[in-house]
Amino acid sequence: MSGFLTGKKIVVMGVANQRSIAWGCAKQMSAQGAEVIYTYQNDRLKKGLEKLGLTEDKLIECDVASNESIEAAFSQIKSRFGQVDGIVHAIAFAPKGELEGSILNSTRDGYLTAQNVSSYSLLAVAKEAEKQDLLKNPAALVTLTFMGSTRAVPNYNTMGIAKAALESSVRYLARDLGEQGVRVNAISAGAMKTLAVTGIGGHKELLKEAQSRTVDGVNVTLEELGNACAFLVSDLSTGLTGDVIYVDKGVHLS
């Protein structure tokens, strides 16, 4: 039986390992029939993708901190796969020292790194996709955020500020890409044990607190996040753009 993404090609940026939210998104989109193309930053992360059973023909190198790397990656994608139906941007980074203690400990370099990789990279990706006419009409861009963008979550610090900028970018991109049939949305994911979360100071307490505030006492799963992503890149969501969709079992309600 075919799924609601049958015939669609989706680029997923940011899979690190089997616990990555990006991996959960990729799996659920594949389950619905999508052809998924993966980007990786460097050889170390490429090996991680290969351990997940992904083959060379679906892998494209792309470092989002470099305009030249994005340009080269999207050129390869278009020449090998043609236009695509969506891009999932699941990339964020801040130096470890930025993710513990007081925001007053933030450094200029750390702050700029977090903004560059976690926020500006979405604009850079959208800009290059438009330049190369990579996205079909209709198409979708989906990125990942966290409620630390609107609340002062302990130790999240610089990353919370970067996520706030990312969510603002979603709204501006939705406005400016709408005439081209490109929808832009963000998923605000519930806290779960991923590589990104383990880099936050006091992450065990963060995970316990998140679970205690879900409506049913159970944390959101990768499958649930992946299902939301699959919906957002599908034709079922053509009326949604410029939104932040909370997939956190109600944690954001209190």
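Comparing 210, 72, 12 along the charge dipole axis of the chain, the residue lying farthest to the positive side is 210, per the Cβ-charge model. Across the chain, the mean sequence separation of Cα contacts (distance under 8 Å, 6 or more residues apart), normalised by length, yields a relative contact order of 21 percent. Along region 111-120 the Karplus relation, 6.51 cos²θ - 1.76 cosθ + 1.60 evaluated at θ = phi - 60°, assigns HN-Hα couplings of 4, 5, 4, 4, 5, 5, 7, 8, 10, 4 Hz to successive residues, with x for each Gly and Pro. In this structure the chain gives 46 Å² per residue of accessible area when probed at 1.4 Å with all protein chains present. For the chain, the Cys residues with no second cysteine's beta carbon closer than 4.7 Å are 62. Each peptide in 4-15, 169-180 receives the mean, over its residues, of other Cβ atoms within 10 Å, and ordering these scores from highest gives 4-15, 169-180.
Subtracting the Cα-Cα distance of residue 81 and residue 67 from their residue separation scaled by 0.36 nm leaves 3.0 nm. Start at zero, step by 5 Å, and the Cα-Cα distances of the chain spread as 1, 7, 14, 18, 21, 18, 12, 6, 2, 0, 0 percent across the bins. Close amide H partners of residue 61, meaning residues 5 or more places away or on another chain with modelled amide H under 5 Å apart, are 40.
Scoring 102-108, 24-30 by mean Cβ neighbours within 10 Å over their residues and listing the highest first yields 24-30, 102-108.
Semi-axis lengths, largest first, of the ellipsoid equivalent to region 61-131 are 30, 10, 9 Å, with √(5λ) applied to each eigenvalue of the Cα gyration tensor. Sorting 78-91, 38-51 by their mean Cβ neighbour count within 10 Å, with the most densely packed peptide first, gives 78-91, 38-51.
Here's how it looks for residue 139: its modeled amide H is under 5 Å from those of 182, 183, which are all 5 or more places away or on a different chain.
The alpha carbons of region 72-203 give a radius of gyration and a Dmax of 15.9, 47 Å, in that order.
The values are calculated or read from the model by the stated rules, or taken from the named source; none is laboratory data. Every value quoted in this text rests on a predicted model; they were computed, and no experiment measured them. Here Cβ is always computed from backbone atoms with ideal geometry, including for glycine, and neighbour counts include all displayed protein chains. The accessibility values were calculated without ligands, DNA or RNA, using every heavy atom of the protein model including side chains. Shrake-Rupley method; radii C 1.70, N 1.55, O 1.52, S 1.80 Å.
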